[in-house]
Structures are given as structure tokens and as C-alpha cells.
Amino acid sequence: MAHLPVRWSPMSRDRMHWPSLLSHHRLGGPPAAGAGARSEFQRDFDRIVFSSAFRRLQDKTQVFPLAKNDYVRTRLTHSLEVASVGRTLGVLAGDHVLRQHPDMFNTGYTAGDFGAVVAAACLAHDIGNPPFGHAGESAIQSWFTFSQLGRSVLTRLAPEERADFERFEGNAQSFRILARLGMPDNEGGMQLTCATLGAVAKYPRSARLPFPAPAGISGKKHNFFHADRERFDAVAQATGLIRRRAGAYCWCRHPLAFLVEAADDISYCVIDVEDAFRAGEVTYAEIEPLYRGIVTDPAAWQKAGAISTDEKRVEYLRARTIDALVMEAADAFAARAEAMLAGAFDEELIALIPHAQALEAFRALARDRVYQSAVVLNLQSPGAAILGDLLDAFVGAVEAGASGSSPPSARAILGILPGQFLSADGRPAADLYARVLGITDFVSGMTDSYAVAVVEKLRALEGPP
């Protein structure tokens with residue numbers, strides 16, 4: 001059945017409605033194609049898979065920077081796994097919603113549509129992360145906050161522009177890629193459905209607000225830059241998100257964003273520990289009790305005991321652990337779905353599941369033994385230094401170019417910068433915010449290996465010490 005158009009009056013804005021939340025309107029794009037072999041949300045998934053930004057995730061750090069063990073996850077494999085978990089969560093949630101709202105059947109939506117939206121959003125959730133993992137985000141923030149050149153830039157920006165760099169956020173860069181950079185010649189970038197773009201936004205607010213940030217989980221960070229605020233506003237209008245205050249760029253979460261967050265949390269908490277085992281940072285004896293805290297079926301442990309190697313045993317127990325957590329997260333969503341529609345729920349779902357404490361044990365082990373391990377820290381520091389060198393060089397070059405007095409070294413550096421990050425005439429943009437944002441677009445879009453290669457090229461331009 002074809003999806004029916006949905007029109008909402010201003011009076012309906014005090015509550016969200018599923019037909020609007022599942023809007024297949026494409027940001028900046030033509031009307032939906034209608035019936036076909038793929039749903040509009042499956043088209044979103046495919047557009048993300050075939051994008052260059054998604055492919056670059058194969059060489060971006062998940063936990064272990066520049067890992068030599070090809071079993072250890074990258075951002076690409078992590079994103080695929082989160083999408084798989086998210087699809088199941090979405091289908092389970094969709095089945096609940098359709099049973100609670102039988103009128104939804106008349107719109108043509110199915111439980112599979114819910115799953116497809118969540119899967120596409122999960123697939124894209126890390127697409128804006130800079131090289132070298134979360135250490136890369138911190139490195140960019142630190143450069144603008146503490147370096148002489150970074151501070152000089154910030155002092156000349158408006159407060160709402162300055163906040164984008166002081167609090168540089170991979171989630172905001174993800175929205176920027178999806179809605180603008182992924183296909184820069186298109187209005188609306190990749191022109192994904194507003195349902196998918198809304199579900200990606202775990203933190204639907206700008207970096208700077210005219211009031212204190214919301215106390216709930218959705219106010220913890222921000223999901224779009226000042227330059228992209230109108231594009232997110234269009235997504236919020238199409239999906240009927242509840243605005244927290246008139247005129248402010250801050251909304252309540254799309255309910256499916258809670259499932260995207262849960263899929264991500266379940267995946268990284270359990271799988272980062274598995275990667276640590278594969279990397280030799282923890283032993284099977286250390287992590288078996290974690291699995292026992294969640295997998296309680298004696299038959300499962302009987303089967304695990306018959307598996308010949310610890311490596312295969314961990315794979316089996318990881319699968320059983322994730323399966324149990326997914327079912328609990330889906331139940332937690334079902335119990336709170338109506339509160340989400342009213343904007344009255346703003347917590348992590350996984351904190352409310354029966355095995356929340358057992359899952360926290362996975363997170364604690366990862367925090368204490370993985371993220372602080374020597375192999376991770378010893379590679380994060382050089383990664384942070386590389387990003388600082390890149391920002392020094394490229395921001396310095398565009399600032400020199402904008403002043404009209406760039407030395408030969410600055411011109412050589414500008415020669416490395418792709419034209420898409422300059423203005424139409426090949427010069428640095430006249431507006432300071434725009435040209436510095438172009439540099440963070442360039443640097444955050446690099447893979448780990450490409451960042452290393454560009455720094456080596458820049459050092460070659462400097463000549464021998």
C-alpha cells in the first residue's frame with residue numbers, strides 16, 4: 001500500500017505522531033518515488049552504504065588506532081553491526097507500535113519500516129567521526145581551545161559559531177555529511193528521508209542555546225552546527241518533533257533515536273570487550289563472568305562448553321548476550337513509547353533494562369582495561385598530535401590566504417586542500433566561520449592512514465630540520 005501524505009496542524013505539536021515521525025519526505029529532494037522493490041527507508045540505507053563517507057569508515061578507529069589485527073573492529077564494521085542490532089530493535093518496536101495504534105495499518109507502514117529507519121540511522125551514526133576515534137574529537141576541541149591560532153580564530157567568531165569548534169562534535173559532523181557534504185551539489189546532501197535524519201539525531205539541539213541545556217540524555221551533546229540549523233529545523237518540521245522552546249534550535253528526541261542509542265550502546269559495550277580479548281588485553285577467564293551475568297540459560301553454557309576454542313566460545317557468547325539485551329531493550333521501549341511521543345521521556349533505555357547492571361560491568365571493564373590500555377593510549381597521543389599539526393597547517397594557510405599576504409609555504413599548503421573546501425574561485429572563503437568550518441570538514445573526513453600521509457606531505461614541504 002502506498003504511504004499516504006500526512007498534514008499536521010499547529011495544535012498537534014504538543015505531541016509527536018507516528019505517521020509524521022515516519023515521514024518519507026526527502027530533505028531537499030524530490031517527492032518519494034512511491035511503490036517499488038525497495039521502501040524509501042531501504043533506499044536511505046543503500047545511499048549511505050554506497051557513499052564515500054561511509055567507505056572511509058573502514059580506515060577509522062573504533063577503539064584500537066591503526067590496529068594490526070584484522071579481526072579488531074573499525075568504525076565500518078562497528079557501524080554495520082550496530083545497524084544489524086538496530087534493525088531487530090526497530091522491527092520489535094514497530095510491531096508494538098502497530099499493535100497499539102491499529103490506525104497505522106491504514107497508512108501502509110509495517111514493522112519492517114521501523115526496522116529499516118533504525119538500521120539506516122544506525123549505519124550513519126558514526127559517519128562524521130574524525131580519525132583516531134573519540135580522541136580525535138577531543139584533539140580538535142583542544143586545538144581550538146588551547147592553541148594560539150585556534151584561540152585567535154575563536155575570538156573573532158560569534159558565540160554560536162565559536163561553540164561549534166570549542167565543542168566539536170562527531171554527531172553534528174554526521175548530520176552535516178548526510179544533509180550537506182555527502183552530495184554537495186544537491187540541496188539536502190544525500191537527500192535522505194526526514195525519518196532517518198530525525199532518528200540519527202540523538203542530541204537534537206545546537207551547540208549554544210539561549211537557555212540551560214535540557215537535563216535529560218538528549219541535551220548531553222549537540223547534533224548539528226550553527227551552519228546547518230535551518231536544515232535540521234526542516235527535518236524537525238517534517239517529522240513533527242516537539243520544540244523545547246519557541247524560536248530555539250532544540251527539540252525532544254525522535255522516539256526511534258532511543259533505539260539507535262540502545263543499539264550502539266549494546267554493540268560497543270559487548271563488542272569492545274571481545275576486541276580487547278582478541279587484541280590480548282584481557283583473558284577469557286576475565287570476561288566469562290560478564291557473559292554469565294546476562295546469559296543464564298544452562299543449555300547455552302552446555303553448548304559453549306563444547307566449543308573447541310576460546311575465540312569461538314567468545315563469539316557464541318557475544319551473540320547470545322546481544323540477543324538477550326536486544327529483547328530487554330525492545331521491552332523497555334514498548335513500556336515508554338507513549339511517554340516518548342509526549343516528550344516526557346529522556347533517559348537511556350539500557351539503563352532501565354533488567355540486566356542494566358550486568359551490561360555496566362562490560363562497560364566498566366572496557367573503561368578500565370581497554371580504553372586505558374597502553375596500546376590504545378600510546379597510539380592516541382600521536383593521533384592527537386597529527387590532528388593538531390593538520391589544523392595548524394590548514395587553518396594557518398587559509399587565514400594567510402584570506403589576508404591576501406600568503407607566503408609561498410601557505411600557497412603550497414593550499415594546493416593540498418581540495419577545491420571543495422574553498423570558495424568557488426579557489427580562494428579561502430571570505431567569511432571566517434565558513435572557511436574554518438571547511439577545514440574541520442576536511443580534517444574530520446580523513447581516514448587514520450590519510451591523516452598520517454597528509455602530515456608527512458606537509459612535513460616534506462617544510463624541508464629538513
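The values are calculated or read from the model by the stated rules, or taken from the named source; none is laboratory data. The shown structure was predicted, so the numbers you read here are calculated from the model rather than taken from an experiment. Here the Cβ is made from the backbone with ideal geometry for all residues, glycine too, and neighbour counts use every protein chain on show. The accessibility values were calculated without ligands, DNA or RNA, using every heavy atom of the protein model including side chains. Shrake-Rupley method; radii C 1.70, N 1.55, O 1.52, S 1.80 Å.
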Test set (1) farther than 24 Å from D441 by Cα; (2) surrounded by fewer than 24 Cβ atoms within 10 Å (Cβ to Cβ); (3) not hydroxyl-bearing (S, T, Y) - L241 fails condition number: (2)
Helices (runs of 4 or more DSSP H) (entirely within the range 195-308) containing at least 3 residues that are among the small types (G, A, S): 229-239, 255-278, 298-305
Residue list for the range 385-402, filter: surrounded by 15 or more Cβ atoms within 10 Å (Cβ to Cβ), closer than 24 Å to Y450 by Cβ and out of contact with any Phe, Trp or Tyr (no Cβ under 9 Å at 6 or more places or on another chain): D389, A393, G396, A397, E399, A400, G401
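Quick one: would you say Q380 is closer than 24 Å to T61 by Cα, modelled with pLDDT under 90, open to solvent by 20 Å² or more (accessible area, probe 1.4 Å) and part of a loop (DSSP other than H, G, I, E, B)?
So Q380 fails the test.
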Search result, residues across the range 168-194 that are part of a helix (DSSP H, G or I) and open to solvent by 30 Å² or more (accessible area, probe 1.4 Å): R180, L181
Residue match in the range 335-345 (condition: over 24 Å from R75 (Cα atoms) and touching a Cys at 6+ places or on another chain (Cβ under 6 Å)): yes
Subset of the range 283-338 that is among the β-branched types (V, I, T) and loosely packed, with under 15 Cβ neighbours inside 10 Å - its residue that is nearest to R87 (Cα to Cα): T296
Test for F144: is it open to solvent by less than 10 Å² (accessible area, probe 1.4 Å), touching a residue at least 24 places away in the same chain (Cβ under 8 Å), part of a helix (DSSP H, G or I) and not basic (K, R): yes
Hits in the range 403-434 (condition: open to solvent by 30 Å² or more (accessible area, probe 1.4 Å), part of a helix (DSSP H, G or I) and under 20 Å from F168 (Cβ atoms)): Q420, F421, A434
Lone unmet requirement of (1) open to solvent by less than 60 Å² (accessible area, probe 1.4 Å); (2) outside any helix (DSSP H, G or I) for A366: (2)
Which numbered condition A158 misses (of (1) over 23 Å from D431 (Cα atoms); (2) within 27 Å of the chain's Cα centre (by Cα); (3) small (G, A, S)): (1)
Test for A116: is it in contact with a Gly (Cβ under 9 Å, 6 or more places away or on another chain), within 21 Å of G445 (Cα to Cα) and open to solvent by less than 20 Å² (accessible area, probe 1.4 Å): no
Boolean, A236 is free of Cβ contacts under 8 Å to residues at least 40 places away in the same chain and either of a type in the set (S, T, N, Q) or surrounded by 19 or more Cβ atoms within 10 Å (Cβ to Cβ) (or both): yes
